[in-house]
Amino acid sequence: MEQRGECLAKVQLLRDQFENLEKHTQWGIDFVDKYTKFVKERCEIEISYAKQIRNLSKKYQPKKNSREEEEHKYSSCRAFLATLNELNDYAGQHEVIAENLTSQIVSELARYTQELKQERKSHFHDGRRAQQHIENSWKQLEACKRRFERDCKEADRAQQYFEKMDNDINVTKADVEKRAFSKARQQAQLRHQMAADSKADYSACLQKFNQEQNEHYYTLIPHIFQGIQDMEERRILRLGDSMKTFAEVDRQVVPIVGKCLDEITKAAESIEPKSDSQLVIEAYKSGFEPPGDVEFEDYSQAMKRTVSESSLSNSKGEGKPEKSSGKGKGKLWPFIKKNKGSGPEDFSHLPPEQRRKKLQQKIDDFTKEIQKELDQRDALTKMRDVYIKNPQMGDPSSVDPQLADISQRIEKLRFEAQKFEGWLAEVEGRMPTRSDPPRRQSGLYDGQNSTPVSNSCAQDRESPDGSYTEDPSSEAQLKVPVPDFDDEFDDEEPLPTIGTCKALYPFEGQNEGTIAVTEGEVLYVIEEDKGDGWTRVRRNEEEEGYVPTSYVEVCLDKDAKGSMTYI
């Protein structure tokens, strides 16, 4: 019984070990799946990051036919464009990381996991089959043993019964008793034979079980356990190799990423502030010569006279200095405002240098278009010659309408180019040279010249403050000479006062016809704003002129306008 219990304990222990190994190997497979999921999520992050980097680079790329393309003539803008391009390549390296991780780790581990599951299943199937076989052998041995025990007991009982009948003195020698006695003896012999057979079976079964048990515990089970151990060690080694690959995939792109960063640094070092500044100067230089010295205008003669109505009228009529081409107040040309809108076709709203560049650009564009049309005409002419030589290839007359259209377009383009060349020649002829003496004009027109707007430069359209008008419609209004402010003060009688105004801001009044005011000063209004943005005011009987309407708060008299008006 003790030996039997020991065997049962060993069988139970072995079954427990198989269960523990099953749990551990399943955990190992789950761990491989866990690591595979980790790498897969890393790939998704890399792809998402690369996509965001590409979108960022695309977002800041210059749009075609936009101002941003023109800005890339500056070295800083070109460096930024190079940075965007390198950043796009940088994003590509992260896509390479995701691709390599997917192919070298995720896909490989997924395939290996399936193989691992099949191998594990095979090992434990062999183990369960061996375990089942040894358990069946044990049960068979137990059955043989119980049968041998039962037969021995039956033989003992039959022997005892036979001996009892043989020793019974009261037994008669009748035939019946003889037959019973003979039967008992035969039964005892039979039972002894059965016991002997059971013994032989039990012995053979025991020998077979011991042999199978020895093979089970010393050969088969160690072989299965060794297979499971080898499987686990390969799994662990494969997982370590995957972790090395995980790092190696990143390491492979490090040189390329470093090269991208080096190119970004190189682009940053290529920025040339002096060159960019020179480009700005070339792009926006106006071509105007600096103004000359402002002439002194002596108004002291009018101040020496006695202030009276007659002297006031005389001072306005007789004491006014003569006009000349070099009037006192000049234009503030450095602060000229650009005319809003596309401007006239001849770019006359631009300063001379800018106008020359625009005209030259238009001429270059026309030259390219003409060359394109000429190339197309040459191609059609060759095609027509081929048709003439080989009529089966086509009708030569079918090309004539296209040639006629191209000729018309060429003539039209040449006409336009000649028109712009004329304007360019005009600009280059009117642009002052360094040797010309500087002179300073004032007013809308020179006293001796009233050139139409279409053939005038930008200085022919200025407001009293020296800036360009921002109203495109004023171009048509300037086609007739406009009198200077000085001419408006030549009235015989002073204008009556129609109200008062208070200066909201200081105004220097440097241009001809304007008057300087200080903040908070109260002046008399003698003429309303007529839509040009200027209001005529008077400080005293001798000082009057124009101030910007937006600089003053005007209050008109009720008698003059019928109602009180504030601006």
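Only the coordinates and a few stated rules stand behind these numbers; no lab work does. Everything quoted here is computed from the prediction, not taken from an experiment. Counting neighbours? That spans all protein chains shown, and the Cβs are built from the backbone with ideal geometry, glycine included.
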HN-Hα J couplings of the range 212-224 from phi, Karplus 6.51/-1.76/1.60, θ = phi - 60°, integer Hz, Gly and Pro as x?
5, 5, 4, 5, 5, 7, 10, 10, 5, 5, x, 5, 5
Extension gain residue 223-residue 186, at 0.36 nm per residue separation less the Cα-Cα distance, in nm?
8.0 nm
For the range 51-95 and the range 387-401, compute the distance between their C-alpha centroids and round to whole Å.
50 Å
Simple spin-label estimate for residue 214/residue 368, 7 Å along Cα→Cβ, in nm, reads 10.0 nm
Taking every C-alpha to C-alpha distance in the range 239-298 and binning by 5 Å from 0, the per-bin percentages run 4, 12, 9, 9, 8, 8, 7, 7, 6, 5, 5, 5, 4, 3, 2, 2, 2, 1, 1, 0, 0
Give me the one-decimal nm value for the distance between modelled label points at residue 17 and residue 61, 7 Å along each residue's Cα-to-Cβ direction.
6.6 nm
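How much length is gained on full extension from residue 500 to residue 389, taking 0.36 nm per residue of separation minus their Cα-Cα distance?
Working: separation 111, 0.36 × 111 = 39.96 nm, distance 9.07 nm.
So the extension gain works out to 30.9 nm.
What FRET efficiency comes out for the pair residue 122/residue 243, r = Cβ-Cβ distance, R0 = 30 Å, nearest 0.05?
Numbers: r = 27 Å, r/R0 = 0.90.
Computed FRET efficiency for residue 122 and residue 243 comes out at 0.65.
For residue 132 and residue 376 in the same chain, what is the full-extension length gain: residue separation times 0.36 nm, less their Cα-Cα distance, in nm? Please list the in-between numbers first.
Details: separation 244, 0.36 × 244 = 87.84 nm, distance 9.27 nm.
Stretched out fully, the residue 132 to residue 376 stretch lengthens by 78.6 nm.
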Using only Cα atoms, locate the centre of the range 106-133 and the centre of the range 196-253, then give the distance between them in Å, rounded to an integer.
11 Å
